[in-house]
Amino acid sequence: MNQNSLFFRARWRLALWYSGVMGIILCLAGVGAYHMMVHAHWQGLQDEIEAVAGTLHDTLEPMLHQPDQMNPYVQNVLPNLCIITEPCANSPQNQSKRHILGVTQTNDYYIHFRDRSYQTIATVGNLPESEVNREAVWQILRDPQGRNYYQFSLLLKNSAGLPWGYMQIGRSMADYDRHLSESRLALLLGLPIGFVAIAIASWYLAKIAMQPVYTSYQQIQQFTADVAHELRTPLAAIQATVESSLAMDVLPETDSRNVLNVIERQNSRLSQLVGDLLLLSRLDIETNPPKFSHCCLNDILCDLVEELASLALASDISLNLDLKTETPIYIMGNESQLYRLFSNLIANAIQYSNLNGTVSISLTLQDRDAIAQIRDTGIGIAEQDLPHIFDRFYRVNSDRSRTTGGSGLGLAIAKAIANRHRGNIQVTSELGKGSKFIVSFKSV
């Protein structure tokens, strides 16, 4: 395929289309997966902060009495609490007390308590140095070092249900940003690798996809060459005969008849070849086959034996028919096509049998399968030629040469007719000892 520029270019174009489409799909899938992962992590981060804030809210509100003033008991819940009006020193006693949210002890979280005037009352953890929007419930803060924090603000009420102040709880986004950065890096590195893998796979997939087309193209080329060769011989004979006749000033009547006989014989050969080609073409492309009817194989074989008896006698061949069952065997099919199938097989058996040889034809019924066998004692077929004998214009060299006069389409036609009737043809042969063709159909 690579030696043929037409198919090589077609393979390249097909591979490029494969690569382009699959690359676009890969990019869309990668970007979609990345955005889904970002959304999932963002939602998880928000849910985590809300859970911590909700727990603190429910725990701290009963401890808050005076608005804008921090109750010292809050330090039992938040040991690292730093009240603005008091020294930020946590005693070992307070540190040893149990607290409800150990997550607030990590460096990832901070808590900022503000009064109703939005002034700082107390803090837990390291607050980012950044401006805060009073109106925003959720906001992202960035400190001078470029670190991001995600902050949630909510109103706290005291034990009497009156507004006490505000609590802002935030979390560092360093691990979140790091995870997204690693994911982007993996995506940026993975996409080119994926593109390379897709390109390699597309090249081989294009070869697989083009192979049947290329095979058909080769078959068409071979078929065209074979047809041209078959047509050239009779046409050349006619041309030579006509030219030799025209070169003569006077053509005797005997020579005239010889010329006409040559032309008639070559014309018959051409007509037979064209007829065989048309039959094969109809068998190949006919989408609506002719209506099948009940055909009796006994009658078809008997008629053929009677018709070809003279051909066998002229070749000193003994032609025998053995009907294994007296009950007529019927199949659904086209009688003329079945007649052509068995005619080709029997004629071939006679043609390639040795002098004083035997051609045996048998018909039997096995498990509703009608099985016909045509056996000859002829020259046989070499093992390497057996897979090709049903190919169009294929002839085994030497003994099965064009000197026998056939077009090389007989077995191809027989195979096509058998396939049209959902039958099967098998052949076994031994060089120098003869061949056996087995044709099977479903009986009715």
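The values are calculated or read from the model by the stated rules, or taken from the named source; none is laboratory data. Note that the coordinates shown come from a computational prediction; the quantities given were computed from them, not determined experimentally. We place every Cβ from the backbone using ideal geometry, glycine too, and count neighbours over all the protein chains shown.
From the residues in the range 249-262 that are in a helix (DSSP H, G or I) and among the aliphatic types (A, V, I, L, M), which one is nearest to the chain's Cα centre (by Cα)?
Per the stated criteria, the residue is 262.
Cβ-Cβ distance below 6 Å, separation of 6 or more or different chains: which pairs start in the range 328-341 with a residue that is more than 14 Å from residue 422 (Cα to Cα) and end on one that is part of a helix (DSSP H, G or I) and β-branched (Val, Ile, Thr)?
Sorted first by the residue in the range 328-341, then by its partner, the pairs are 339/300.
How many residues does the range 147-181 contain that are touching a Ser or Thr at 6+ places or on another chain (Cβ under 7 Å) and outside any strand (DSSP E or B)?
1
Residues 44, 20: which one is more than 23 Å from the chain's Cα centre (by Cα), on the phi < 0 side of the Ramachandran plot and modelled with pLDDT of 90 or more?
After ruling out the rest, the residue left standing is 44.
Looking only at the range 120-174, how many residues end up being within 14 Å of residue 60 (Cα to Cα) and under 60 Å from the mean Cα position of the chain (by Cα)?
3
Name the single residue, out of those in the range 65-84 being part of a loop (DSSP other than H, G, I, E, B) and out of contact with any helix residue (DSSP H, G or I) (no Cβ under 8 Å at 6 or more places or on another chain), that is surrounded by the most Cβ atoms within 10 Å (Cβ to Cβ).
Residues of the range 65-84 part of a loop (DSSP other than H, G, I, E, B): 65-73, 78-81, 84.
Within this subset, residues satisfying the condition of being out of contact with any helix residue (DSSP H, G or I) (no Cβ under 8 Å at 6 or more places or on another chain) are 65-70, 72, 84.
On the way: 65: 13, 66: 12, 67: 15, 68: 16, 69: 14, 70: 22, 72: 11, 84: 12.
Checked the range 65-84; the qualifying residue surrounded by the most Cβ atoms within 10 Å (Cβ to Cβ) is 70.
Can you tell me which residue in the range 263-281 is surrounded by the most Cβ atoms within 10 Å (Cβ to Cβ), limited to those that are within 39 Å of the chain's Cα centre (by Cα) and touching a residue at least 40 places away in the same chain (Cβ under 8 Å)?
The qualifying residue surrounded by the most Cβ atoms within 10 Å (Cβ to Cβ) is 276.
It is to be established whether one or more residues within the range 208-224 are within 55 Å of the chain's Cα centre (by Cα), surrounded by 11 or more Cβ atoms within 10 Å (Cβ to Cβ) and assigned by TED's automatic domain parsing to the domain that holds residue 34.
no
Any residue in the range 415-430 that is farther than 16 Å from residue 376 by Cα sitting within a Cβ distance under 7 Å of a residue that is part of a strand (DSSP E or B) and among the charged types (D, E, K, R)? List the pairs, counting only those 6 or more apart or interchain.
422/442
Suppose we filter the range 282-313 for residues that are surrounded by 11 or more Cβ atoms within 10 Å (Cβ to Cβ), modelled with pLDDT under 80 and part of a helix (DSSP H, G or I); how many remain?
The number of residues fulfilling the criteria is 2.
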